[in-house]
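Heads up, the thing below is written out as structure tokens.
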Amino acid sequence: MEKYMKRALELAKKGWGHTNPNPLVGAVIVKNGKIIGEGYHEYFGGPHAEINALKSAVDDVDGATMFVTLEPCSHFGKTPPCSNAIIKSGIKEVYIAMEDPNPMVRGRGIKMLQEAGINVYLGMMEKEAEKLNEIFIKYITTKLPFVILKSAMSIDGKIACYTGDSKWITGEKSRKYVHNIRGRVSAIMVGVNTVIKDNPHLTARIEGYKSPTRIVVDSKGRIPLDSNVINDKSARTIIATTELMSDNIRRKLKERDIDIIELKNSNGRVPLKELMVKLGEQSIDSVLIEGGGTLNWSVLEEAVADKIMFFIAPKIIGGKDAITSVEGKGFSKVMDSINLRDIEIERIEDDILISGYIK
Ligand code: AOF
Ligand code: ZN
């Protein structure tokens, strides 16, 4: 039976990058041991997975079984409740991977199905489903974006040489992987030093994906007006700043259609927790932090990161003046350092990707 849920999860993934801030959902309808319908949530605001599966059915769904990766909804959102549609269709069994964490649903969909006499089985491949929707789970329950801290470094932890040269530390395949992540999140965030030094475009150069919003953390308004994030209009740019930005720069950025989020400076910095609240209010459900070392430290120190993804290349750069993936002051005791849970290690050609969640 799990093979059908596996298929539903596979279908759900096809919505990557197109459904935010809504979840990734897949559904499969099975009758007499055969898949007779399949669907997934294709884009934000579009029909839900269950509806697409019902619509695709090549046989009468009466008496069939549905496998769906998220509890069918019970509410009128942009679309009417899927639970009603399932009840009406005559489906008699529903396997659900995980309960919908949306406070509007949270068990109500299951109850509706059960009250209509449908057998509901909850929890098949739950862990996989939760991982797939880690962004949605955080966002729908907290209204804060899910924050991924990504860094690419040498085996001795450097993200650039002492000269500032950083192209390229990790291999092509790792860099492609990063473009894939960019295509899946709502926003990418960097510190202004990265813009000054590397002048990146910060777009997702991968087919079929739109580029996420670019966010530059720039407390004093030091961003060069000729930088790519300002002049390459293929993605939206937000400058997160404080009252320390001059009116002159502020005006010039506005003339260039750049959005500004201003917060009260905290020790000369942009307070990141408050910034995340503002981003959440703008429906930004996920942020990929791409450094540099100073921003990475702030993100960890202010405890806004949920997940880390560190790409490590088999190179040794050396040099006490070469910046590392996490700068700032650092912790004074090993006991106070940040610990990760649910570590995963992946090999990407000669590089190693270590991912984990902040405890
Ligand atoms: C989706 N796609 O396939 C399922 C969802 O505003 P609406 O009507 O699109 O409803 C969004 C909510 O519906 C979402 O937060 C989640 O709780 C539930 N299920 N959403 O976007 C789907 N099954
Ligand atoms: Zn629904």
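Read the figures in this text as sums done on the coordinates, not as results from a lab. Being a predicted model, the structure only gives us computed values, none of them experimental. Here the Cβ positions follow ideal geometry from the backbone for every residue, glycine too, while neighbour counts run over all protein chains shown.
Using the Cα gyration tensor of the stretch 187-313, with a ≥ b ≥ c the square roots of its eigenvalues, what is the shape: rounded (a/c below 1.5), prolate (a/b larger than b/c) or oblate (neither)?
It comes out rounded by the Cα gyration axes.
Using 0.36 nm per residue, how much length does the chain from E262 to S246 gain when fully extended, once their Cα-Cα distance is taken away?
Length gained between E262 and S246: 4.6 nm.
Give me the number: length gained by fully extending I338 to N231, i.e. 0.36 nm times residue separation minus the C-alpha to C-alpha distance, one decimal in nm.
In short, 34.8 nm is gained.
Compute the length gained on full extension between K88 and K34: take 0.36 nm times their separation in residues and subtract their Cα-Cα distance, giving the result in nm to one decimal.
On the way: separation 54, 0.36 × 54 = 19.44 nm, distance 2.11 nm.
Contour length minus the Cα-Cα distance gives 17.3 nm.
Applying a 10 Å radius around every beta-carbon, put 181-189, 197-205, 92-100 in order of their mean neighbour count, most first.
Per-residue mean Cβ counts within 10 Å order the peptides as 181-189, 92-100, 197-205.
Would you list, by chain and number, the lysines whose Cα falls below 23 Å from the Cα of K315, excluding same-chain residues fewer than 8 positions away?
Cα-Cα hits under 23 Å: K150, K158, K167, K173, K176, K197.
Determine the dipole magnitude for the stretch 212-359: charges of +1 sit on the beta-carbon of Lys and Arg, -1 on that of Asp and Glu, nothing else is charged, the reference point is the Cα centre, and the result goes in debye to the nearest 20.
460 debye
Can you pull the one-decimal nm distance between simple spin-label points at L122 and K210, each 7 Å off the Cα toward Cβ?
3.5 nm
About the Cα centre of the stretch 96-154, how large is the charge dipole given +1 on each Lys and Arg Cβ and -1 on each Asp and Glu Cβ? Please answer in debye to the nearest 20.
240 debye
What 222 nm value per residue comes from the helices of the chain, counting each DSSP H run with n ≥ 4 as -39,500 (n - 2.57) and dividing by all residues, nearest 500 deg cm²/dmol? Before the final figure, lay out each step's value.
Details: 12 runs with 102 residues, N = 359.
-8000 deg cm²/dmol, from helical runs alone.
With the dipole of the stretch 155-291 worked out from charges on the C-beta (+1 for Lys and Arg, -1 for Asp and Glu) around the Cα centre, which of G157, N180, N199 lies farthest toward the positive end?
Checked the options; the winner is N180.
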